[in-house]
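Each value in this text was obtained by applying a stated rule to the coordinates, not by laboratory testing. Quick caveat: nothing in here was measured; it's all calculated off a predicted structure. Note: ideal-geometry Cβ built from the backbone for every residue, glycine included; neighbour counts use all protein chains shown.
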Amino acid sequence: MPQVNLTLDREEVVALFLKERNEAFAYLMEKILNAFLLAESEEQIGAARHERAAERKDYRNGTRERALVTRIGTLILRVPRHRDVPFVTTIFDNYQRSEAALLSTMMEMVIQGVSTRKVTDVVETLCGASFSKSTVSELCKRLDESINQFKNRALTAHYPFIITDAKYFKVRENHRIVSKAFMVAMGITEDGQKEIIGFDVYETEAEGTWKQFLTSLKGRGLKEVSMITSDAHSGLIAAMKAVFPETPWQRCQYHFQKNILEQAPKRERAGLQSELREMFNAETMVKARQRRDEIISDYKGVAPKAMEVLDEGFEEAMTVMLLPERMRIALRTSNHLERENGELARRYNVIRIFPNVESLTRLMGAVLLERHDVMSSRRPFFSKQRYTDAIQAIKPELLKIAQEQV
């Protein structure tokens with residue numbers, strides 16, 4: 001460790017009392033670090049300035065200035081130069097580690113939904129220097145590699161159950177603000193574990209774009225899907241039947257109930273909702289159909305359109321009844337994915353408008369990667385043995401329902 005000698009003349013000491021606290025501390029730190037650099041230089045050369053020494057290994061070749069941004073301000077350091085062997089200092093190595101930690105924290109702040117302006121303000125408070133919005137945005141691109149690996153990874157596990165949905169976000173494109181469909185797929189493994197298995201950005205929710213999305217999942221290894229849960233978007237349904245023709249569709253019961261209630265008079269909605277809940281929670285399909293018939297009989301006079309929606313969509317909303325009761329709850333709605341969409345919306349509410357599609361993919365992909373890791377550590381919905389026992393018994397019926405839905 002080099003011996004550091006720090007010298008302050010009378011004028012410098014007096015000037016310290018005239019400076020602001022942080023400014024004075026920054027001045028002292030600058031003096032200390034420059035003295036440390038000089039001591040390191042003398043140690044590496046093997047001689048002090050103007051000293052004749054047999055142990056001398058090199059000669060000085062002036063200095064160069066280098067700015068060091070710290071929480072107390074920007075320090076200007078005079079870095080020694082050597083004639084033959086380059087000068088090496090530990091100061092900047094330590095700084096680079098701190099800088100890497102700072103950049104990592106900044107990216108995490110963006111992922112957590114902190115606005116770019118707030119990130120910039122925090123960094124300026126900590127470091128005494130401002131970073132432009134473009135710089136902060138550029139730092140976020142460091143996330144791209146891990147997000148792309150996650151997004152395009154091979155789906156080697158078996159995901160018999162899929163839940164999928166889309167959410168719209170505003171993006172600047174060609175000097176206009178447009179809405180983009182952000183499609184997400186959640187898979188549930190044979191042992192009941194949730195995972196995010198796919199996401200991507202498309203112009204809109206059409207049969208063609210949904211088909212592209214589902215085909216990309218299939219191309220990455222998704223196969224032998226026993227059931228797909230989603231809302232009743234016509235483009236999605238058509239795409240499912242084209243890409244996975246042997247897979248039955250489970251219409252999300254939450255969205256189905258919402259569709260029914262929207263067609264009922266307001267004064268009837270509370271009672272109807274309670275009765276629909278009883279129907280969805282029926283122990284058997286026979287009892288569920290019986291409850292449906294009773295509801296239609298009771299409400300056809302006061303809510304005829306709502307009863308038409310119920311009658312037409314009932315079978316597709318009850319596909320899950322083939323499964324054991326303990327497995328139904330996880331698969332009868334898209335609520336598990338809706339919760340993840342809520343996390344996406346929370347981040348989006350801070351940003352409001354993405355500058356481009358790449359930034360949308362980067363931020364929402366980072367959020368989904370984070371959520372994926374959380375899911376993987378949680379308790380599974382069911383055991384692999386329960387799944388194996390259940391699926392073997394109902395395979396023929398699942399295929400029959402899929403054929404009828406086509």
Checklist outcome for this item: The long-range amide H neighbours of TYR168, using H built 1.01 Å from N in the peptide plane and a cut-off of under 5 Å, are PHE182
Checklist entry - Counting pairs of alpha carbon atoms under 8 Å apart in space and at least six apart in sequence, what relative contact order in percent does segment 236-367 give? => result 30 percent
Checklist outcome for this item: Karplus-derived 3J(HN,Hα) from phi for segment 233-250 (6.51 cos²θ - 1.76 cosθ + 1.60, θ = phi - 60°), whole Hz, x at Gly and Pro, runs 5, 4, x, 5, 4, 4, 5, 4, 5, 7, 8, 10, x, 9, 10, x, 9, 9
Checklist outcome for this item: Violations at 22 Å Cα threshold for listed pairs LYS167/LYS211; LYS258/LYS400; LYS151/LYS180 -> LYS258/LYS400
Checklist outcome for this item: Once both label points are put 7 Å beyond Cα along the C-beta direction, the THR63-ASN335 separation in nm becomes 6.8 nm
Item to check | Label-zone membership for segment 314-350, site LYS241, 7 angstrom Cα→C-beta point, backbone N under 17 Å | outcome: 314-319
Checklist entry - Label-point separation (nm) for ASN148 and ALA393, each offset 7 Å from Cα along Cα-to-Cβ? => result 4.8 nm
Checklist outcome for this item: Listed by chain and number, the lysines with an alpha carbon less than 29 angstrom from that of LYS31, same-chain partners under 8 positions apart left out, are LYS19, LYS57
Checklist outcome for this item: In whole percents, the bins of 10 Å from zero upward hold the Cα-Cα pairs of segment 249-406 as 9, 29, 27, 24, 11, 0
Checklist entry - So how much slack lies between VAL302 and GLU278, counting 0.36 nm per residue of separation and subtracting their Cα-Cα distance, in nm? => result 6.7 nm
Checklist entry - If you stretched the chain out fully between ARG49 and GLN290, how much longer would it get, using 0.36 nm times the residue separation minus the C-alpha to C-alpha distance? => result 76.9 nm
